[in-house]
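*Asks:* This structure is in structure tokens; I'll ask about it shortly.
The values are calculated or read from the model by the stated rules, or taken from the named source; none is laboratory data. Computed from a predicted structure; not experimentally measured. Cβ placement follows ideal geometry from the backbone for every residue including glycine, while neighbour counts extend to all protein chains displayed. The protein model used for the area step is the full one, side chains on, heavy atoms only, and it has no ligands, DNA or RNA in it. Shrake-Rupley method; radii C 1.70, N 1.55, O 1.52, S 1.80 Å.
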Amino acid sequence: MKVALLMSGGVDSSYSAYLLQQQGYEVLGIYLKLHDKEEKHRIFIQNCEKVARNLKFDFIVLEAQEAFKTIVYDYFVRSYEKGETPNPCAMCNPNMKFGFALEKALELGCEKIATGHYARIQEVDGIKRVAKALDSSKDQSYFLYAISQESIDRLIFPLGDMLKTEVKPRAFEAMPWFGSLEEYKESQEICFVETDYIAILKKHAKVDNPGVVRDTQGNVIGSHKGYMQYTIGKRKGFSIKGALEPHFVLDIDPKANEIIVGKKHELAKSLVQASNVSLSTLYNDKEYDIKIRYRSTPTKAKLKVQDDMITAHLLEPVFGVAKGQALVVYDGDCVLGGGVIA
């Protein structure tokens, strides 16, 4: 069976190529050119070519920068302009990696698509689901909540049953020509962000734009450097007159260029709403685990799924709920779907 492997030039996807071959698959390596960092692309493509050459499989580069800019990059910038905290990886996965790339892979005769993601595929009642990886510290299932069932049915995650600490030594042992560990940096969480997201926004918007800080009663109590520099839950970077205890960003008003702050207990939310992207109405009026951020701990909630909205009534409050982040619903280890927090 021919499998398209999405390669990044790093250790994880390179070792995935080796594992797929060991399992008897015919591998086609694909590198997606997404962002505009050409020097990065040059280095990563060289790494991919070295793996393909040594393991003797075909490798191609797909140009996808124009679509990526429209679907992921511009969305990222617009979200911050609207006072939201976007999740570009969750947007890229269904549209670019398991949308555009999968379509090309099928055209090239592949039956499956694989990546170096830390996640698994589990079958429940005859339906394949994305599930959490064995390595909970590296699990990436949260970012995969929006991919289509057609894509899930074709997915392979070679690293899903491995610990990240196992992968590197095994990779260098299996592929001694691969180089040294020092040559391979950890993947960045957001591929097009070099230092921090502010540097990206400064290319497109007036980020340094001082404004006022208000409390929940509407009183002006301080100043800030520009609303786009803040996310929900942030406790630094703004000044409060006479504050004796920490204040946290509770809300952002982009039109007025204001942020609203309060004490930590005011961050707590017992109800979270999201525009539905991939959750079936079958899960209406039932209790499941949800995550409201990648690094958040799963928490129990009773769900209402209706009118293109997901409403989660939490059994215990959560902190730091931010518009634009993903609300992802789990049944045990399996991802059921989710939406974008409104």
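*Asks:* Suppose we filter D333, D289 for residues that are open to solvent by 30 Å² or more (accessible area, probe 1.4 Å), in contact with an Asp or Glu (Cβ under 8 Å, 6 or more places away or on another chain) and touching a residue at least 40 places away in the same chain (Cβ under 8 Å); which single one remains?
*Replies:* Values: D333 fails: in contact with an Asp or Glu (Cβ under 8 Å, 6 or more places away or on another chain).
Within the list D333, D289, the selection yields D289.
*Asks:* Among the listed residues E173, E166, which satisfies the condition of being more than 28 Å from the chain's Cα centre (by Cα), under 19 Å from S16 (Cα atoms) and in a helix (DSSP H, G or I)?
*Replies:* Details: E166 fails: more than 28 Å from the chain's Cα centre (by Cα).
The conditions single out E173.
*Asks:* Also, quick follow-up: Restrict the check to segment 258-274 and report whether at least one residue is within 19 Å of A342 (Cβ to Cβ), open to solvent by 60 Å² or more (accessible area, probe 1.4 Å), of a type in the set (A, V, I, L, M, F, W, C) and out of contact with any Lys or Arg (no Cβ under 8 Å at 6 or more places or on another chain).
*Replies:* Yes, there is a match, as at least one residue in segment 258-274 is within 19 Å of A342 (Cβ to Cβ), open to solvent by 60 Å² or more (accessible area, probe 1.4 Å), of a type in the set (A, V, I, L, M, F, W, C) and out of contact with any Lys or Arg (no Cβ under 8 Å at 6 or more places or on another chain).
*Asks:* Then there's this: Considering only segment 249-264, I want to know if a residue exists there that is in a strand (DSSP E or B), within 25 Å of F143 (Cβ to Cβ), in contact with a Leu (Cβ under 6 Å, 6 or more places away or on another chain) and aliphatic (A, V, I, L, M). Even if it seems obvious, please write down each step before you answer.
*Replies:* Step one: of segment 249-264, the residues in a strand (DSSP E or B) are 249-253, 258-262.
Add one more test, that the residue is within 25 Å of F143 (Cβ to Cβ), and what stays is 249, 252.
Then keep just the ones that are in contact with a Leu (Cβ under 6 Å, 6 or more places away or on another chain); that gives none.
No: zero hits.
*Asks:* Can I ask one more? Can you name the residue in segment 272-287 that is over 12 Å from K302 (Cβ atoms) and hydroxyl-bearing (S, T, Y) and is also farthest from the chain's Cα centre (by Cα) among such residues?
*Replies:* First, pick out the residues of segment 272-287 that are over 12 Å from K302 (Cβ atoms): 273-282.
In the following step, the residues that additionally are hydroxyl-bearing (S, T, Y) were identified as 275, 278, 280-281.
Details: S275: 17, S278: 15, S280: 21, T281: 24 Å.
Across segment 272-287, the extreme among qualifying residues is T281.
*Asks:* Restricting the first residue to segment 32-54 and requiring it to be under 9 Å from G9 (Cβ atoms), which pairs with a second residue that is among the aliphatic types (A, V, I, L, M) meet a Cβ separation below 7 Å and a spacing of at least six or different chains?
*Replies:* Correct list of pairs: I45/V61; C48/M7; V51/A17.
*Asks:* What tally of residues in segment 209-257 results from selecting those that are within 17 Å of G83 (Cβ to Cβ), surrounded by fewer than 16 Cβ atoms within 10 Å (Cβ to Cβ) and in contact with a helix residue (DSSP H, G or I) (Cβ under 8 Å, 6 or more places away or on another chain)?
*Replies:* Of the residues in segment 209-257, 5 are within 17 Å of G83 (Cβ to Cβ), surrounded by fewer than 16 Cβ atoms within 10 Å (Cβ to Cβ) and in contact with a helix residue (DSSP H, G or I) (Cβ under 8 Å, 6 or more places away or on another chain).
*Asks:* Answer yes if at least one residue in segment 223-236 is touching a residue at least 40 places away in the same chain (Cβ under 8 Å), touching a Pro at 6+ places or on another chain (Cβ under 7 Å) and under 20 Å from I341 (Cβ atoms), and no otherwise. It would help to see each step written out before you state the result.
*Replies:* Kept after step one, since they are touching a residue at least 40 places away in the same chain (Cβ under 8 Å), are these residues of segment 223-236: 227-228, 231-233.
Okay, now just the ones that are also touching a Pro at 6+ places or on another chain (Cβ under 7 Å), so 227.
When the remaining residues are screened for being under 20 Å from I341 (Cβ atoms), the result is 227.
Yes: one or more hits.
*Asks:* Quick one: which strands (runs of 3 or more DSSP E) lie wholly within segment 20-138 and hold at least 2 residues that are open to solvent by less than 40 Å² (accessible area, probe 1.4 Å) and modelled with pLDDT of 95 or more? Full working, then the answer.
*Replies:* On the way: elements: 26-33, 58-63, 112-114, 119-124, 127-132.
By residue number, 26-33, 112-114, 127-132.
*Asks:* Then there's this: Output yes when any residue across segment 314-323 is touching a strand residue (DSSP E or B) at 6+ places or on another chain (Cβ under 6 Å), in a loop (DSSP other than H, G, I, E, B), open to solvent by 80 Å² or more (accessible area, probe 1.4 Å) and modelled with pLDDT of 95 or more, and no when none is.
*Replies:* yes
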